[in-house]
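Beneath this line is the structure, given in structure tokens, with notes to follow.
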Amino acid sequence: MSNEDAKVRRTLHLRFTLPTADTGQFVAMIKAAAPFYQMFGNAQVRLLQNVDDPAKLIQEIEYEASEDWELSRQHMASETRMQVFLQTWRTMFPGALEMDVYQIV
């Protein structure tokens, strides 16, 4: 298997707070963005809502990507599609957005 074919499995957590506890608009955005998430490679998306503070959410994206592509986070951040997606996030959720990437150990 060449490096180009090597895949890595990652879990991306996006933590943020909505302006209100109404998740309707956000859930609609996630559904509309489904094709975008496949840019990550075989992505599965979940939305978790804090039981004690319903405006706080975690979006969890599990994906599989080429090892070469995944290791170049700067490349991913500079992708036009990623920039448009992040700008949409910033428009909808003006508060802080925390992002972490995890791997299975």
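The values are calculated or read from the model by the stated rules, or taken from the named source; none is laboratory data. On a predicted model such as this, the values are computed, not experimentally measured, just so you know. All Cβ positions, glycine included, derive from the backbone under ideal geometry; neighbour counts span all protein chains shown. Surface accessibility is based on the protein's heavy atoms, side chains included, excluding ligands, DNA and RNA. Shrake-Rupley method; radii C 1.70, N 1.55, O 1.52, S 1.80 Å.
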| request: Specify the residue that is nearest to ARG90 (Cα to Cα); the eligible residues are those in the stretch 19-46 that are open to solvent by 50 Å² or more (accessible area, probe 1.4 Å) and assigned to a loop (DSSP other than H, G, I, E, B). | output: PRO19
| remark: Checked pairs for the stretch 28-40, first farther than 22 Å from ASP68 by Cα, second open to solvent by 30 Å² or more (accessible area, probe 1.4 Å) and modelled with pLDDT of 75 or more, C-beta under 9 Å and 6 or more apart or across chains, list as ILE30/VAL45; ILE30/LEU47; ALA33/VAL45; ALA34/VAL45
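Filter the stretch 92-102 down to the residues that are in a helix (DSSP H, G or I) and at pLDDT 75 or above and list them by number.
Answer for the stretch 92-102, where residues must be in a helix (DSSP H, G or I) and at pLDDT 75 or above: there is none.
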| Does the stretch 58-81 hold any residues that are of a type in the set (A, V, I, L, M, F, W, C), within 21 Å of PHE16 (Cα to Cα) and modelled with pLDDT of 70 or more, and which are they? | ILE58, ILE61
| Is it fair to say ARG10 is within 10 Å of the chain's Cα centre (by Cα) and modelled with pLDDT of 85 or more? | no
